[in-house]
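The values are calculated or read from the model by the stated rules, or taken from the named source; none is laboratory data. Fair warning: this is a prediction, and the values are worked out from it, not measured in the lab. Positions of Cβ are generated from backbone atoms using ideal geometry, with glycine treated the same way; all protein chains shown enter the neighbour counts.
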Amino acid sequence: MQRNIQNLLGVSALIGLAFGAGLLVAPAALLAIYGLHTSTVGLLLARIAGVEFVGYNIVGWIARVADPLTENSAARTVVHAHLASETLGAIVTGWAAWQRLGNSLLWSVPLLYGLLAMAFLWATLQLRKPEGDRSTDART
C-alpha cells in the first residue's frame, strides 16, 4: 500500500507539472485544445494557475518519497491536499463542461480530476485504517 500511494503521488505530480507547464508557457494553445478562448487578463490568470500547478506538484513530487503511513508526514499531508484539490477541480471543470464553455474534449478534464479524486480518496481511506487492518506488507 505504501508503494501504491507513493506511485500515485508521483504520477499525479507528473500530470500536474505537465498541465502547469502548458498553462505557464502556452496558455492560449492549451486552452484552445479544449475550445476555450480568453482575453489577455484570462491568459494572465491561466499563467498564474500554471505557476501554482508547478509549485504544488513539485511539493507532491518531493513528498512522494516520504512514508505516507507516518502520522503528519509530507506524503500524508499531500494526499489529503490532493483529495480536496482533485475533488474541487472535478466539480469546477465538470460545471464548465456542463455549461458547454468549451468543446467536447473539455469533458476529459473533469474525468481526469475525478479519477485522481477517487484515487486520492482510496489513499485517504487506506491511511485512516488502523495499522492492523492495512495490508500485511506495508511496502506493497
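The residues of the stretch 8-27 that are more than 18 Å from THR93 (Cβ to Cβ), without any contact (Cβ under 8 Å) to a residue 40 or more places away in the chain and assigned to a helix (DSSP H, G or I), listed by number, are VAL11, ALA21, LEU24, VAL25. Summed over the stretch 66-96, residues that are farther than 14 Å from ASN4 by Cα and touching a Pro at 6+ places or on another chain (Cβ under 6 Å) total 3. Has the stretch 50-63 got at least one residue that is among the charged types (D, E, K, R) and buried (at least 19 other Cβ atoms within 10 Å of the Cβ)? Checking the stretch 50-63: not a single residue is among the charged types (D, E, K, R) and buried (at least 19 other Cβ atoms within 10 Å of the Cβ).
Taken as a whole, the structure leaves SER39 outside the set of residues that are modelled with pLDDT under 95 and surrounded by fewer than 17 Cβ atoms within 10 Å (Cβ to Cβ). Taking the criterion of being within 17 Å of GLU86 (Cβ to Cβ) and outside any helix (DSSP H, G or I), the only residue of the stretch 28-65 that qualifies is ARG64.
If you scan the stretch 84-123, which residues turn out to be exposed (fewer than 15 other Cβ atoms within 10 Å of the Cβ), in a helix (DSSP H, G or I) and of a type in the set (S, T, N, Q)?
If the condition is that a residue be exposed (fewer than 15 other Cβ atoms within 10 Å of the Cβ), in a helix (DSSP H, G or I) and of a type in the set (S, T, N, Q), then SER104, SER108 are the ones that fit.
If the condition is being hydrophobic (A, V, I, L, M, F, W, C) and within 11 Å of ALA18 (Cα to Cα), then the stretch 43-57 contributes PHE53, VAL54.
Pairs are defined by a Cβ separation below 8 Å, a sequence spacing of at least 6 or placement on different chains, a first member in the stretch 104-120 that is within 17 Å of ASN7 (Cα to Cα), and a second member that is at pLDDT below 95 and basic (Lys, Arg); no pair meets this definition. Is one or more of the residues making up the stretch 70-79 assigned to a helix (DSSP H, G or I), at pLDDT 95 or above and either aromatic (Phe, Trp, Tyr) or within 18 Å of TYR113 (Cα to Cα) (or both)? Yes; the residues of the stretch 70-79 include at least one that is assigned to a helix (DSSP H, G or I), at pLDDT 95 or above and either aromatic (Phe, Trp, Tyr) or within 18 Å of TYR113 (Cα to Cα) (or both). Against the list (1) touching a His at 6+ places or on another chain (Cβ under 7 Å); (2) modelled with pLDDT under 95, the condition SER12 fails is (2).
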